[in-house]
Amino acid sequence: MNCQALIEKFLYDYHAGTLSTGKKLEFELHLTLCRACRRYVDSYKKTIKLAKEGEVPPEAGGEPPAELVEAILAVSRRKREAGGDQRAGSAAPS
Ligand SMILES: [Zn+2]
């Protein structure tokens, strides 16, 4: 499995915390060995955080790859449709 396939397969569930222990270990092991994926996951987390805060990912200095932005938009769309995240968590005023 190449890096992109791994990321696409596991990243959403990993971030959502729904990945099974075995898969999570597999994913984390890959992250320790693969700097490219680590950076990818890192920018994914950052972008998710910014998206939650209602901000656009920073373009200066970072320039997230278009495919990453696409993936994140798809994820938040999926989340919204699933309705899983609504009203849950912190009391963030909207
Ligand atoms: Zn990798």
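Every number here is computed from the coordinates shown, using simple stated rules; none is lab data. Nothing here was measured: the structure is a model prediction, and the numbers come from that model. So basically every Cβ, Gly included, is an ideal-geometry build from the backbone, and we count neighbours across all protein chains shown.
List of remarks:
- Residue order, fewest to most surrounding Cβ atoms within 10 angstrom, among SER20, SER43, SER76: SER20, SER76, SER43
- 18 Å tail of the calculated P(r), the stretch 3-78, as % of Cα pairs: 38
- Rough spin-label spacing in nm, given labels placed 7 Å along Cα→Cβ, for ARG38 and GLU8: 2.5
- Each residue of the stretch 12-28 is assigned a 3J(HN,Hα), and the resulting list reads 4, 5, 4, 5, 6, x, 9, 6, 5, 4, x, 5, 4, 4, 4, 5, 5 Hz, derived from the Karplus form 6.51 cos²θ - 1.76 cosθ + 1.60 (θ = phi - 60°), x at Gly and Pro.
- Ascending count of other beta-carbon atoms within 10 Å, so fewest first, for CYS34, CYS3: CYS3, CYS34
- Computed FRET value (nearest 0.05) for GLU70 with ILE48, which takes r as the C-beta separation and R₀ as 22 Å: 0.95
- Residues VAL41, VAL69 in ascending order of nearby Cβ atoms (within 10 Å, fewest first): VAL69, VAL41.
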